[in-house]
1. Lys and Arg at +1, Asp and Glu at -1: add these up for the other residues within a Cβ distance under 13 Å of Leu40 and post the number.
2. Place a point 7 Å from the Cα of Arg127 along the Cα-to-Cβ direction; which residues of segment 177-211 have their backbone N under 16 Å from it?
3. For segment 22-78 and segment 107-143, write down the distance between their C-alpha centroids in whole Å.
4. Label points 7 Å out from Cα along the Cβ direction at Asp52 and Ala110: separation in nm?
5. Helix-only estimate, please: 222 nm mean residue ellipticity of the chain, summing -39500 (n - 2.57) across DSSP H runs of length 4 or more and dividing by its residues, to the nearest 500.
6. With everything on Cα atoms, drop me the angle between helix 75-84 and the longest principal axis of the chain, reported from 0 to 90° to the nearest 10.
7. Using a 10 Å Cβ count of at most 16 others and DSSP loop calls, identify the longest part of the chain lacking such trypsin sites (Lys or Arg not before Pro).
8. For segment 1-154, what is the relative contact order in percent, using Cα pairs closer than 8 Å and at least 6 residues apart in sequence?
Amino acid sequence: MTEADIRSLLAEFGASLFARGFSVGSAGNISVRLEDGGYLITPTNSCLGRLDPARIARLDADFGHIGGDKPSKEVFMHRAFYRARADAGAVVHLHSTMATAIACLAEPDAANPIPPLTPYFVMRVGRRLPLVPYYRPGDPAMEPAIAAAAADARAVLLANHGPVVSGKTLTDAVYAAEELEEAARLALLLRGATPRLLTGAQVDDLLTTFG
Ligand SMILES: [Zn+2]
């Protein structure tokens, strides 16, 4: 894929996520790692529903701004993932309602705030979804906390804020963010019930079979 193709796809996914209510206003940001080691990231205060592919911010390999509009203020969340995970080719951060609702629970299971209910959640998001404690938006202490949690997890949930999800490609990261939101919806629907969770052996089998 050329950089122009990736810019177009990023705007297309942004519009799709916005149209379906996964993001509102200027919430949420998306980035992609490019072949030359640099990055694309949605601009600060931009609406995912109305991205101009040509104005998406271009960063160098050290996350310095070298083109397009000014990058998202939450760029450090993306940097934490790329530095922690060599396999991360794209990162999606949303304030999507159901995942954020779980991130606001007073007594979540911090190691596993969304349990393994469906195979697709396990296949897309993985075995673990660590809950990162609350930090004020922009607090520099958030970056090392995310990096530590992301070292052995493809996605994290930021307390009282929302999910940050990585994938090998932009498409993988968007699909994983969508699957995470749907799993959060199921988990909330089943709160107070006794759902039949996937067993450890079933989770192992999925991850062995589908990677
Ligand atoms: Zn945010």
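Values in this text are rule-based calculations from the coordinates and carry no lab data. Remember, it's a predicted structure, so these values are computed and weren't measured experimentally. So basically every Cβ, Gly included, is an ideal-geometry build from the backbone, and we count neighbours across all protein chains shown.
1. On the way: positive: Arg7, Arg33, Arg55, Arg58; negative: Glu3, Asp5, Glu35, Asp36, Asp52, Asp60, Asp69.
Value of the local net charge: -3.
2. 198-211
3. 23 Å
4. Label-label distance for Asp52 and Ala110, simple model: 4.5 nm.
5. Estimated from H runs of four or more residues: -12000 deg cm²/dmol.
6. With rounding to tens, the tilt is 70 degrees.
7. Result, exposed sites excluded: 74-126.
8. Taking the mean separation of contacting Cα pairs over the length of segment 1-154, I get 20 percent.
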